[in-house]
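The values are calculated or read from the model by the stated rules, or taken from the named source; none is laboratory data. Predicted model, so just to flag it, every value in this text is computed and none were measured. With ideal geometry, Cβ positions are generated from the backbone for all residues, glycine too; neighbour counts draw on all protein chains shown. Each accessible area value is taken on the protein alone, full model and side chains, heavy atoms only, with ligands, DNA and RNA left out. Shrake-Rupley method; radii C 1.70, N 1.55, O 1.52, S 1.80 Å.
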Amino acid sequence: MKQMNAEEYGPAAVRGKQPVQERSRETRRRILQSAKELFTDVGFEETTTHLIADGARVSVGGLYAHFPNKEEIFLTIMEERSHAIYEMTKNCIQTIREQKMEPDTAIDYLLTTMYTTHTTYGKLNREMQRFATVNEEAARIHDRWEMEEAKEIIVWLEEIREKLAVDDIPVAIIIISRATHELFHFLYKYQGQVDEQRILTELQVMFKRYLFG
């Protein structure tokens, strides 16, 4: 079964006024790509607009023509990344419906897809999570898309409610979501030091017992 990748889905959410000319759109794209690589490699604090501009092959003035500051660049990346993950989840749920997956198989598929996406961009995810604790707009972006993602899963679980052992689906999703995110961050942090596959398998077993009894 093909694993989904967040960048396959879009169009990504967009912040700010978008350039009309193709050349300007390409410049903006290069700025965001350069910034994404730097934020991933060295983090938000160590990244400067000069480094971003150099990586994008534009002048610092050219960068400021598109973004007022480094924070807005990071927020734009965060918006696009969060929206892409939401789209991945939505399409994952749609695949579950179309293939009429049994609940056990569906949970395995959903968690595996989510973890594959998380580890692909694990360092950037950690930087976004950290930024969301110190920046109110980043926190709003994070919370908004996490809520949208949860809604998609809740709707699917409502469709198979007769197979569930839990009564309050929204509360169940909060518990699962928080546990999943914390474990994903733990596994990324300690890559190569723990038995990743065994832990993920036990996570799947735990959630299936919780949801389906």
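Data for the structure
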read-out	value
Segment ASN69-ARG23, extension gain: residue separation times 0.36 nm, minus the distance between their alpha carbons	14.5 nm
Virtual spin-label span in nm between GLU196 and ALA139, 7 Å along Cα→Cβ	3.2 nm
Filter on LYS151/LYS189; LYS70/LYS151; LYS100/LYS163 - keep pairs with C-alpha separation over 23 Å	LYS151/LYS189; LYS70/LYS151
Largest to smallest principal axis extent of the C-alpha atoms in the chain, angstrom	59, 40, 33
GNM result for the chain, Cα springs below 10 Å: residue of GLU22, GLU136, GLU149 fluctuating most strongly	GLU22
Accessible area per residue, Å², the stretch 73-202 with all protein chains present, probe 1.4 Å	50 Å²
Distance in nm between pseudo-label sites at GLU162 and GLN33 (7 Å out along the Cβ direction from Cα)	5.1 nm
Heavy atoms of LYS189 accessible to a 1.4 Å probe, total area in Å² rounded to 10	110 Å²
Calculated FRET value between SER59 and GLU182, using beta carbons and R₀ = 45 Å, to 0.05	0.60
Simple spin-label estimate for THR48 and THR116 in nanometres, 7 Å along Cα-Cβ	4.0 nm
Euclidean distance of C-alpha centroids, the stretch 136-163 and the stretch 59-102, integer Å	16 Å
Rel. contact order, % - alpha carbon contacts under 8 angstrom, at least six apart, the chain	23 percent
Mean Cα-pair separation over length for the stretch 33-155, i.e. relative contact order, pairs under 8 Å, 6 or more apart, %	31 percent
